[in-house]
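What follows is a single structure, written as structure tokens, with notes after it.
The values are calculated or read from the model by the stated rules, or taken from the named source; none is laboratory data. Since this is a predicted model, take the numbers as computed values, not measurements. A quick note on method: Cβ atoms are made from the backbone with ideal geometry, for glycine too, and the neighbour counts reach across all protein chains shown. Quick note on the areas: whole protein, heavy atoms, side chains included, nothing else; ligands and nucleic acids left out. Shrake-Rupley method; radii C 1.70, N 1.55, O 1.52, S 1.80 Å.
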Amino acid sequence: MLLSMTCLFVGCASIPAGVEPSARDPWEPFNRSVFEFNEGLDKYLLKPIVAAYRFILPEIVRDGIYNFFSNYSDIYTALQNLLQGKPDLAFNDLMRVAVNTLFGLGGLMDVATPGGLPKHKEDWGQTFGVWGVPSGPYLVLPFFGPSTIRDTFGTAADLETDYLFKYIPDVGLRNSITGLRVINARNTFYEAGDLLDGAALDKYSFIRDAYLQRREYQINEGRNDEEPLMPPYENPYE
């Protein structure tokens, strides 16, 4: 049902790769306004919280938190790789979970990567792309940041299938974990945002072009390579 809805909304609005940015970003005035909202939210709320997080917690603790959520995301990535027809990579991802959970203190340490099990990261947006769903125009989402029509449906699917934490019965605990995931995700790119502020003449255009190129690369050429271009936002549910 979700795939058919995605095709319905995206099919008539597909923008082929290699066209002018204005054609891939037909809603630029709206997107820029949402981008400015997200920038303000990040500057005045999220970044100060992350600064306090970095001040209070030593790096070894922050690394443990990052590894814990990364280990959880490997389960999700294994499912996506299986849906994309890559059972070998799905097996690799499940082996990562087993090794890090058993020998990495429940996932607080990443012993799988140095042990020869590389990290991958897949999501529903990529899976839709592998299935042939066109990206559609560029779209900036409140809170989530850069996206496309296809990736917007992918984000919705990511949220809907986030079962481990979504169904924690204790609301306070569930909200606390969600908040920690957001802080952890933003902490990953804490210094990258400052570098981007100083390097980009038009930050909006730079982020848009980098995001679209990154997603095209992930889907068409290098879906399993280790290092993507630096995104300014990281989806905490991925």
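The single condition among (1) open to solvent by less than 80 Å² (accessible area, probe 1.4 Å); (2) hydroxyl-bearing (Ser, Thr, Tyr); (3) at pLDDT 95 or above that THR6 does not meet is (3). When you look at LEU180, is it over 17 Å from the mean Cα position of the chain (by Cα), of a type outside the set (Val, Ile, Thr) and within 20 Å of ARG54 (Cα to Cα), yes or no? So LEU180 does not fit the description; no. Just one of the listed residues (GLY40, GLY18, GLY64, GLY85) is modelled with pLDDT of 95 or more and surrounded by fewer than 12 Cβ atoms within 10 Å (Cβ to Cβ), namely GLY40.
Pairing each residue of the stretch 103-114 that is surrounded by fewer than 15 Cβ atoms within 10 Å (Cβ to Cβ) with any residue that is among the hydrophobic types (A, V, I, L, M, F, W, C), provided the two are 6+ apart or on different chains, yields C-beta distances under 7 Å for PHE103/VAL111.
Inspect the stretch 52-75 for any residue being part of a helix (DSSP H, G or I) and touching a Pro at 6+ places or on another chain (Cβ under 9 Å) and give the result as yes or no. Before the answer, list the steps.
Going through the stretch 52-75, the residues part of a helix (DSSP H, G or I) turn out to be 52-56, 59-75.
Keeping just the survivors that are touching a Pro at 6+ places or on another chain (Cβ under 9 Å) gives 69.
Looking through the stretch 52-75, at least one residue is part of a helix (DSSP H, G or I) and touching a Pro at 6+ places or on another chain (Cβ under 9 Å).
Quick one: which of PRO134, PRO118 is out of contact with any Gly (no Cβ under 9 Å at 6 or more places or on another chain), under 20 Å from ASN220 (Cα atoms) and part of a loop (DSSP other than H, G, I, E, B)?
Every option except PRO118 fails the conditions.
Looking across the stretch 84-115 at every residue that is closer than 24 Å to GLY154 by Cα and not in a helix (DSSP H, G or I), the one that is nearest to the chain's Cα centre (by Cα) is identified as GLN84. Residues in the stretch 115-134 that are modelled with pLDDT under 95 and within 25 Å of ASP42 (Cβ to Cβ): LYS121 only.
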